[in-house]
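Everything on this sheet refers to the single structure shown next.
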Amino acid sequence: MKRAGVVLILLLAFGGIADAAYLAQHEASGEPLLCNIEYLSGCNTVAQSPYSHLFGIPLAEYGILFYGVIFVLAALELVVFDRLLRRLLQGAALLGVLASLVFTLIQIFLIGALCVYCLASALITLLILILAGLIEPVRAARPLPPPLPMPPAA
């Protein structure tokens, strides 16, 4: 299951890169996004809002970077099998889910519109977090066994 989970993370990260690249390409070209799904047709409203940039950089470019890091960590995990890589993957995925939660709340409460591409990215990130947790669950450290009694001194 571990290897299959990592392969699924790779596929999800690739999908996330494609999603973010589509948004970044439309940001750069200024063309409107294709978005005509009932109740989720606010893609252009969200993309043109002042909340679509952080430090002057479009959020979609951060998304490409995020999913690229996830992809590289998962690819390395397939080859190296290292606990540190799994923890980094889990930490990055958790950070991504928290950011997605904040961005979704901004869409709902501040912008008043929902973007299907942003919600797809949030779902991808959540699935990555779940799979990263299944690869190796984070458990509390086991207590050390009690020390062996010392033989009496002669």
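Identify the residue in the stretch 113-125 that is in a helix (DSSP H, G or I) and aliphatic (A, V, I, L, M) and, among all such residues, is modelled with the lowest pLDDT. Break it down into steps so the answer makes sense when it comes.
Filtering the stretch 113-125 for residues in a helix (DSSP H, G or I) gives 116-125.
Narrowing the set further to residues that are aliphatic (A, V, I, L, M) leaves 116, 119-120, 122-124.
On the way: VAL116: 89, LEU119: 92, ALA120: 93, ALA122: 96, LEU123: 97, ILE124: 97.
If we take residues in the stretch 113-125 being in a helix (DSSP H, G or I) and aliphatic (A, V, I, L, M), then VAL116 is modelled with the lowest pLDDT.
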If you go through the stretch 126-146 one residue at a time, do you hit one that is modelled with pLDDT of 90 or more and more than 25 Å from ALA75 (Cβ to Cβ)? no
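Residue by residue, here is whether (1) touching a residue at least 40 places away in the same chain (Cβ under 8 Å); (2) over 12 Å from the mean Cα position of the chain (by Cα) holds:
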| position | (1), (2) |
| --- | --- |
| LYS2 | yes, yes |
| LEU34 | no, yes |
| ASN44 | no, yes |
| ALA47 | yes, yes |
| PRO50 | no, yes |
| LEU54 | no, yes |
| LEU89 | yes, no |
Would you pick out the residues in the stretch 47-68 that are under 27 Å from ILE9 (Cα atoms) and touching a Phe, Trp or Tyr at 6+ places or on another chain (Cβ under 9 Å)? ALA47, LEU54, LEU59, ALA60, TYR67
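For GLU31, indicate whether it is in contact with a helix residue (DSSP H, G or I) (Cβ under 8 Å, 6 or more places away or on another chain) and among the acidic types (Asp, Glu).
Values: in contact with a helix residue (DSSP H, G or I) (Cβ under 8 Å, 6 or more places away or on another chain): no; among the acidic types (Asp, Glu): yes.
Considered against the rule, which asks whether it is in contact with a helix residue (DSSP H, G or I) (Cβ under 8 Å, 6 or more places away or on another chain) and among the acidic types (Asp, Glu), GLU31 comes out as no.
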Which residues, counting only those in the stretch 1-11, are in contact with an Asp or Glu (Cβ under 9 Å, 6 or more places away or on another chain) and either hydroxyl-bearing (Ser, Thr, Tyr) or buried (at least 17 other Cβ atoms within 10 Å of the Cβ) (or both)? VAL6, ILE9
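For every residue, the table says whether it meets (1) exposed (fewer than 15 other Cβ atoms within 10 Å of the Cβ); (2) touching a helix residue (DSSP H, G or I) at 6+ places or on another chain (Cβ under 9 Å); (3) within 13 Å of ALA132 (Cα to Cα); (4) aliphatic (A, V, I, L, M).
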{"site": "ALA13", "(1), (2), (3), (4)": "no, yes, yes, yes"}
{"site": "GLU27", "(1), (2), (3), (4)": "no, yes, no, no"}
{"site": "CYS35", "(1), (2), (3), (4)": "no, yes, no, no"}
{"site": "GLY42", "(1), (2), (3), (4)": "no, yes, no, no"}
{"site": "ILE57", "(1), (2), (3), (4)": "yes, no, no, yes"}
{"site": "TYR62", "(1), (2), (3), (4)": "no, yes, no, no"}
{"site": "PHE71", "(1), (2), (3), (4)": "no, yes, yes, no"}
{"site": "GLN90", "(1), (2), (3), (4)": "no, yes, yes, no"}
{"site": "ILE108", "(1), (2), (3), (4)": "yes, no, no, yes"}
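The values are calculated or read from the model by the stated rules, or taken from the named source; none is laboratory data. Since the model is a prediction, treat every value here as computed from it, not as a measurement. A quick note on method: Cβ atoms are made from the backbone with ideal geometry, for glycine too, and the neighbour counts reach across all protein chains shown.
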